[in-house]
Structure formats: C-alpha cells, structure tokens
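Derivation of every value follows stated rules applied to the coordinates shown; laboratory data play no part. Values in this document were obtained by computation on a predicted structure and should not be read as measured data. Reconstructed Cβ throughout: ideal geometry from the backbone, glycine too, with neighbour counts over all protein chains shown.
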Amino acid sequence: MSPISDADISKLRGITEGQVRQLTMRRGVSNETIAAMPDDVLKRTIGRLQYHDLPRARHAFRAAQSRGPTGQIPPHAAYHALQQSQALSPQTNARVAGVPVGPQPARGAPPPPTAGLPPGHTGWLSLGPGNIGGRIRSIVPDPQNADHLWAGSVGGGVWETRDRGTSWLPVNDLLQNLAVSCMAMSPADPNTIYAGTGEGFFNVDAIRGAGLFMTTDATNWVQLAATINPDFQSVNRIAVSADGAVVLVATETGILRSADAARAVWTKVQPDETAFVAFHPKDASRAIAGGLRSGIALFSTNGGQTWVAAQSGPWSGRVELTYAAQNPSVVYASVDVAGGQIWRSVDGGRSYVQQASRSASSGQPARYLGSQGWYGNVIWAGDPTNENLVIVGGVDLWRSTDGGNSLIDVSTWWDPRSAHADHHRIVAGAGYDGTTNKRVYFGNDGGIYTTMDITTVGNDPTAPRIAGWTRLDNSFGVTQFYAGAGNVDSGTIIGGAQDNGTLTFTPQNGSQRWGTMFGGDGGFCASDPTDTNTFYGEYVSLNITRSPDGGKTADYISGQFWNGQQWIFKPVPFQIPDAAGQSALFIAPFVIDPNNPNRLLGGGLSLWLTTDPKTPNTNTSGPSWASIKNSSGSNISAIAVAPGNSDVIWVGHENGQVYKTVNGTADSPAWQQIDNAGANPLNPGRYCSRIVIDPAAPDTVYATFGGYVQGNLWKTIDGGANWSKLGDNALPGAPMRSIAIHPQSSLLLYLGTEVGLYASEDGGATWSATNEGPNNCSVDDLFWMNHTLVAVTHGRGMFSIELTIASV
C-alpha cells in the first residue's frame with residue numbers, strides 16, 4: 001500500500017495539513033492512524049492541540065497545592081507528614097466518627113473487599129474502578145512462578161497478582177509512601193525486591209517520595225532509613241548487579257550506589273539528574289545510564305563507581321536505554337529528540353550510531369514519542385534470540401525488526417481494545433525465550449497490559465492495532481481521581497480522572513465495569529439532585545461538559561463546538577471567556593447551587609454563572625454565562641454556596657484569598673475579602689483547596705489549604721469575622737484537599753488530606769490520630785450519597801462507607 005500523504009489525510013478527514021502535521025509531531029500518531037480514527041476521537045484529539053504540554057500543566061497545578069508559605073515543597077514532605085501523624089497520641093477508640101482507626105492490619109487476612117484491610121475490621125467498600133488503571137512505571141515478574149507478578153502504581157503502592165493478572169491485591173496499604181515509581185528484583189535472590197518512590201518526570205502526579213523500600217522475603221516491606229534524605233525524594237530507576245551485591249539508583253540529583261548488604265551506606269557517584277540506570281545482565285562490573293534532561297548517555301566499567309560519557313550525537317532531553325538480551329554488547333537508546341530517535345551501540349554503550357527510526361508505511365520519521373518524550377519514553381530489546389527486535393513506546397508502541405531503522409505502530413491509544421497511551425515500562429514475562437514463550441507486559445497511564453506474542457501483537461493490516469492485546473486491570477484499583485459526584489436516586493457516580501477522562505460507576509455494572517462519560521483529563525464533577533440523567537464534568541481549564549443520559553456521553557456547555565474542522569468558541573454569552581482564554585486552573589472548580597440545580601457556578605479568573613445549564617446546544621447558542629465576580633488577579637480554586645440561601649457564596653483563590661457575598665443572586669453581587677478581615681484573620685497565604693458551609697449553621701464555615709506545613713484547616717463561626725486554626729496538634733502538616741460535614745450532625749467532620757483521611761467527633765476540636773481508611777494516599781474529594789461517605793482518592797480509586805448516626 002502506498003504511503004498516505006498529509007494532503008491525502010487533509011482531504012480525507014476535512015482538516016488542514018497543518019493539523020495533520022501537529023497530530024503526528026505532538027501526538028506521535030501516523031497518517032494511517034489518523035485516517036482510521038473515529039470522528040469523535042479525531043475531534044477530541046484536535047481539541048487537545050489547543051492545550052500545550054498537558055503533563056507539565058498537570059505538574060504545575062499539583063505543585064501549587066503543595067507549596068508552603070515560602071513557595072517551596074520540602075524534601076520527603078509526605079513521609080514526614082505521615083511520621084507526624086504516627087507520633088501523635090495513640091488512638092484508644094476503634095472508630096472516630098464511624099471511621100475505623102487503629103494499628104496497621106496484619107498481612108495474610110482473607111481476600112478483602114476494600115483496601116487491603118480485613119473485612120471484619122473496616123466498613124470501607126471499594127468502588128473501583130477495577131477495570132481502569134492508573135499510571136504504572138514498574139512491573140516485576142517472579143522468575144520462579146509465571147503466574148506471580150508485582151506492579152508499582154505511582155499513587156497506589158505495590159500490588160501483586162498470583163494468577164497472571166486475573167486479580168490483584170495491594171501488598172501494604174499503609175506503607176509510608178505509595179508513590180511507587182520503579183521496582184527491581186535481585187538477580188541473585190528473587191525474594192529480594194526494591195521499590196523506589198517519588199517520580200522525577202515533571203508530571204502533575206509526581207508525588208514526592210520517601211526513598212527506597214525493600215523486602216527480603218517477597219512479602220514484608222521495610223523502609224531503608226538511609227534513603228530518607230533529599231537525594232531519594234524522586235527515584236526514577238533501580239538497578240541491581242548480576243551478583244546482587246550492588247544497587248544503583250537514578251534520581252533527580254544523580255546516581256547513588258550502595259554495596260553493603262543492609263543498604264545502609266549510599267554514595268553519590270554521579271551528580272547529574274538521571275532518568276535511567278541498568279547493570280549489564282551478566283557482568284556486575286558494567287552498567288549504563290541515561291540523562292533526565294541533559295541528553296547524555298553514560299557507561300561504567302567498575303560496577304558504577306565511576307562514569308564516563310558515551311560518544312553520541314547532538315542529543316538533548318531524556319535518554320532511555322536497554323541492553324539487547326541476545327547480545328548485551330548491543331545497547332539501544334531512545335532519545336527525546338525530534339519526536340523520538342533510536343540510536344544503537346555495539347560496544348556496550350561506549351558509542352552510539354543513529355538508526356533511521358522511520359515509519360515502515362510512510363518512510364517518514366516515526367515520531368513515536370510525540371512531544372512528550374520527557375514523560376512517556378521506553379525502549380526494550382529483551383528477546384534472547386533476536387538482538388534486532390526492538391520495541392519503543394511513547395504515546396503508542398512501535399516495533400522494529402531491523403534494529404530501529406524501520407518501525408511499525410503496534411498499538412492504537414484511542415481504541416479500548418488496544419493498549420492505553422503514554423508508555424513507561426516494558427518487561428518480558430517469566431520464562432520468555434523468544435520461541436515458545438513470547439509474553440511481554442506493559443505499564444502505561446492506563447494500567448497494565450500484556451501480549452502472548454510480542455512479535456505479532458498489533459499486526460492488523462491497518463489501524464486500529466488491536467490484535468493480541470489483553471488488559472490486566474482486573475481489580476487493580478489505582479485510578480487517580482481529582483473529584484467525584486453521585487446521584488442518590490440512581491446510585492450513579494462520576495469521577496474526573498487523570499488522563500482517563502470523566503468515568504461513570506453504576507450499581508448494575510459494579511466496581512469492575514466503569515464506563516467513560518468524556519475523554520482526556522477529567523476534573524470537577526456535579527450531579528443534578530433532581531434529575532437522574534443529568535451530570536456535569538470537566539475537561540481542563542474550566543471546559544465544562546454536560547451528560548443528558550446518566551453519564552454515558554457528554555458534550556461541552558462552556559462554549560466550545562466543532563465547526564467541521566476545529567473547535568471554536570461560540571460568541572458571548574454562550575461561552576465562558578476564561579475557558580476560551582485558558583485563564584483558569586488546570587483543574588478548575590465548579591459547583592451546582594444546592595438550592596437550585598439550574599444555577600451552575602464555575603471559577604476561572606472570574607466567577608461565572610449560568611442559570612440555564614440544560615439549554616440545548618447549537619453552534620451559535622447554548623447555556624449562557626455571566627461573570628458575577630471580577631478577577632482579583634488569582635485563579636479561583638474553591639467555591640461554596642450556602643445550603644438554604646443562594647445569596648451567600650464563598651470563593652477561595654490559588655493565592656489564599658477568600659471572598660464572600662451575601663447578595664449572590666443579584667446581577668452584580670458585592671464581594672468582601674474575608675481572609676484579611678477581623679481581629680483573628682484567616683491569612684495562610686497559600687492555595688485554598690476547599691470551602692464548606694455548615695448546612696445547619698451557615699455562619700460556620702471551614703476552609704482548607706495546601707502546603708506541607710501546619711495550619712491548613714480553619715474554621716469561623718461568625719461568617720468570617722473571626723477565624724481559628726484546627727488540628728495543629730492532631731493533624732499532619734500536609735495539604736488538606738477536602739472536608740465533609742455529616743448530614744445528620746455538624747459535630748462529625750471528615751477531612752481528606754495528601755496522606756489519607758481523618759475524622760473528628762467534636763466539630764474539629766480533636767481528630768483521629770491514626771488513619772486506617774481507605775489508605776495512605778491522597779483523598780482529593782469527599783461527597784455524600786445520603787449517609788454514605790464517598791472518598792475520592794488520587795491513586796486508589798473511590799471508596800465508600802456507611803455512616804448513619806446509628807453506625808457512628
């Protein structure tokens with residue numbers, strides 16, 4: 001078949017040649033793939049071109065919530081916050097406000113229905129999604145048992161399967177850090193496994209780590225005390241020598257080395273930030289490493305004690321490397337240059353020669369990394385029978401059988417029958433021999449995938465490439481949510497997830513069969529309490545979507561529409577100008593007025609209101625929007641409307657400012673800045689993450705803030721005239737992300753933090769000193785379904801717990 005030109009695609013799909021080139025350069029897709037895209041996928045993908053470098057935008061958003069008064073994020077911040085919590089007074093009650101608390105549960109309990117806790121001990125129920133994973137950067141097969149694997153989630157900890165991915169369980173929900181970025185097994189002892197925490201790849205979910213964890217019996221994990229220092233807050237890769245004697249780690253601060261069995265002594269042997277490190281598979285004296293931003297490749301001939309720069313081309317950016325299993329003198333490099341280049345070394349990584357890296361179908365550069373090679377970049381040459389079989393991954397996966405000269409895509413990110421986008425890890429299954437066993441595992445932003453035959457997977461004659469792919473996200477609940485909402489009458493829940501869209505749970509489908517309401521990055525969510533069919537979600541920068549069919553599908557109501565060739569915005573007032581101008585937070589807040597489901601408020605630089613959110617969309621009309629609060633110079637980060645009184649509206653900002661109006665239904669409400677008023681002002685001066693008004697006492701208001709410092713929870717009982725800090729001696733110094741008041745008692749409070757969930761039975765005067773539910777990951781949102789509390793986590797999906805007053 002002759003190559004499909006840009007002009008051919010332009011004519012076929014009705015888009016410009018410039019859009020075709022942008023899709024290939026930024027999204028790493030071939031013209032053949034563009035030709036096969038369904039219309040809705042093509043529209044959504046072109047829409048994403050308007051938003052430059054989404055992973056870095058995510059990083060900036062999440063980082064803003066973590067900075068303290070000085071604008072810095074302390075090293076090992078999350079670890080120290082957990083240490084603070086564990087050092088507080090022991091909890092004597094089994095439950096606080098109905099939430100189970102107490103010592104860490106013992107391993108070996110019956111298979112749990114929740115977060116790895118024994119069923120008799122906890123009331124938490126996992127809602128999943130068990131079929132939609134999160135970002136996976138590490139997979140470790142058991143060489144002695146092909147059915148047994150471990151996998152590390154960057155927000156959900158270490159998991160294992162004993163049935164080759166048919167089901168998964170977490171190994172320990174209460175590790176001091178669940179941001180597992182890499183893992184490695186000792187070649188000399190399969191019971192010795194290392195897990196590194198904290199990502200150094202500059203994405204939104206790059207949660208700060210707490211060094212290395214280690215198990216010597218493949219079951220019980222301990223933290224290596226010597227790695228609790230700034231050098232280990234982002235561990236990108238771990239390498240163990242063939243004899244098991246030496247461990248190397250690649251971090252943002254360089255390469256560190258340990259040669260003692262207890263891993264108590266570490267030496268920095270290379271000072272430049274590093275993305276990759278690996279030992280020669282058979283020779284413990286030889287190792288290779290790749291730079292994180294510098295475009296450098298290194299090699300060592302003395303077990304990683306000293307390093308020498310390899311001879312290579314004019315590289316820049318991230319460098320991923322791999323030894324060829326058949327002949328380790330051959331080393332391949334995937335370099336983040338010009339959309340992705342493959343280079344080959346035949347002298348063990350001392351020098352490299354560029355390969356053609358061209359698409360076999362078009363003859364043009366494959367550009368397999370797109371514009372995100374700093375984020376998703378992996379290369380594999382693990383076939384012991386063929387040193388020229390190379391797999392590279394960026395947005396999609398590509399296969400070469402001639403050492404990187406010609407490539408063909410073997411996955412199609414937009415088809416759910418294929419592998420998900422943004423690839424991070426490729427690992428041969430146990431017993432892979434290149435002949436009778438060709439199983440390979442893949443970790444990406446959608447979880448874990450496998451193929452039985454790496455040489456034939458994706459060999460469909462045209463896109464989509466779906467042949468031979470199997471998804472393994474079976475009860476592997478590591479989805480990274482930002483927010484959620486539910487309808488009490490139907491039981492349907494929606495959640496906005498990192499890179500997995502706005503997802504839908506229904507009771508009839510259960511935790512293992514979530515659906516997708518809208519693609520891309522999901523954000524804030526809302527449910528019309530009077531209409532089981534109407535839900536609202538969000539794409540980035542306040543692009544609000546509406547579902548009229550119970551969360552099955554959705555369309556924009558913030559003003560975007562498809563004109564046949566691109567997304568453009570309708571005229572005012574049928575657009576949110578801050579969405580059109582991208583003048584809003586990456587994940588921007590919006591809420592339904594609890595007193596009137598036809599009042600929807602969204603926050604950008606200004607506060608926007610629509611009173612007709614269900615108006616049908618056309619290309620020239622739809623819901624109309626008006627500003628009811630002008631910009632104060634900082635993005636809005638929190639919105640609350642008083643239950644029982646739509647005139648009372650509170651707004652929090654990214655810079656810590658808080659405003660209030662008491663005539664919010666007026667055309668031009670009057671706003672008062674609250675954070676700097678009164679004898680006891682509210683003045684933390686950092687990201688305001690949530691504002692919640694007590695429905696039984698509207699002058700009682702709670703505000704939560706970001707930063708790894710004390711003083712992130714505040715309360716007023718006089719409408720903002722005076723404020724008091726809560727929990728300084730009972731809560732960790734960590735970002736507070738959400739707070740919920742029990743619908744039957746204002747004394748019962750539930751607080752979602754970066755390091756888990758905490759509860760109070762006395763209006764916030766005291767708090768549970770330890771936390772058992774659902775786990776130690778970030779609880780980004782909390783909402784009620786009658787008396788059931790739903791915890792929305794960033795790394796472990798959603799959990800619910802029944803909290804009627806009788807059960808509390």
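Before moving on, here are some points about what is shown:
- Values of log10 I(q)/I(0), in the order q = 0.11, 0.16, 0.24 Å⁻¹, for segment 667-740 under a Debye, Cα-only, solvent-free model: -0.27, -0.56, -1.16
- In the chain, the DSSP beta bridges split such that about 95 percent are antiparallel, to the nearest 5.
- Between segment 649-665 and segment 485-518, the C-alpha centres lie 30 angstrom from each other.
- Listed peptides 187-200, 500-513, 126-139 by packing density, highest first (mean Cβ within 10 Å): 126-139, 187-200, 500-513
- Residues of segment 614-647 with amide N under 13 Å of the 7 Å Cα→Cβ point at Asn663: 647
- Between helix 77-87 and the chain there is an angle of about 60 degrees, using the helix long axis and the longest principal axis of the Cα atoms.
- Close amide H contacts of Phe276 (hydrogens built in the peptide plane, cut-off under 5 Å, sequence separation of 5 or more or a different chain): Gly290.
- Mean Cα-pair separation over length for segment 390-481, i.e. relative contact order, pairs under 8 Å, 6 or more apart, %: 22
- Cα radius of gyration and Dmax for segment 479-631 (Å): 14.5, 44
- Each semi-axis of the equivalent ellipsoid for segment 343-392 is √(5λ) with λ an eigenvalue of the Cα gyration tensor; in descending order they amount to 20, 14, 13 Å.
- Segment Gln305-Ser724, length gained on full extension (0.36 nm per residue, minus Cα span): 145.4 nm
- The DSSP beta bridges internal to segment 475-565 are antiparallel in roughly 95% of cases.
- Spin-label model, Arg21 to Ser746: label points 7 Å out along the Cα-to-beta-carbon direction sit 6.3 nm apart.
- Listed peptides 470-482, 219-231, 307-319 appear in the order 470-482, 307-319, 219-231 once ranked by packing, highest mean of other Cβ atoms within 10 Å at the front.
- Percentage relative contact order, segment 486-611, counting C-alpha pairs under 8 Å, at least six apart: 18
- The modelled label-to-label distance between Ala679 and Asn533, using points 7 Å beyond Cα along the C-beta direction, is 5.6 nm.
- 222 nm mean residue ellipticity, helices alone, for the chain (DSSP H n ≥ 4; -39,500 (n - 2.57); rounded to 500): -2000 deg cm²/dmol
- Axis of helix 39-48 versus longest Cα principal axis of the chain: the two differ by about 80°, to the nearest ten degrees.
- Here the simple spin-label model places points 7 Å from the Cα toward Cβ, and for Thr611 and Ala63 these points are separated by 4.2 nm.
- Nearest-ten-degree value, helix 17-27 long axis tilted from longest Cα axis of the chain: 80
- Estimated FRET transfer efficiency (Ala264, Arg513; beta-carbon r; R0 45 Å; 0.05): 0.45
- Taking the average, over residues, of other Cβ atoms within 10 Å as the packing measure, peptides 372-379, 616-623, 628-635 rank 372-379, 628-635, 616-623 from highest down.
- Pairs beyond 28 Å (Cα-Cα), from Lys282/Lys438; Lys614/Lys715; Lys438/Lys552: Lys614/Lys715; Lys438/Lys552
- Distance from the C-alpha centroid of segment 678-735 to that of segment 1-34: 52 Å, rounded to the whole angstrom.
- For the chain: relative contact order, % (alpha-carbon pairs under 8 angstrom, 6 or more apart): 12
- Listed by Cβ neighbour count within 10 Å, with the fewest neighbours leading, Asp489, Asp675 appear as Asp489, Asp675.
- According to the Kirkwood relation over distinct C-alpha pairs, the hydrodynamic radius of segment 563-649 is 13.7 Å.
- Kirkwood radius, segment 6-48, all distinct C-alpha pairs, inverse of mean reciprocal distance: 10.0 Å.
- Diffusion coefficient (Stokes-Einstein, Kirkwood radius over C-alpha pairs, 20 °C, 1.002 mPa s) for segment 452-528: 149 µm²/s, rounded to a whole number.
- Under 5 Å, built H, 5+ apart or other chain: amide partners of Gly551: Phe535
- Global form of segment 731-801, assessed from the alpha-carbon gyration tensor, a/c cut-off 1.5: oblate
- Of every Cα-Cα pair in segment 375-433, the percent that sits beyond 13 Å: 62
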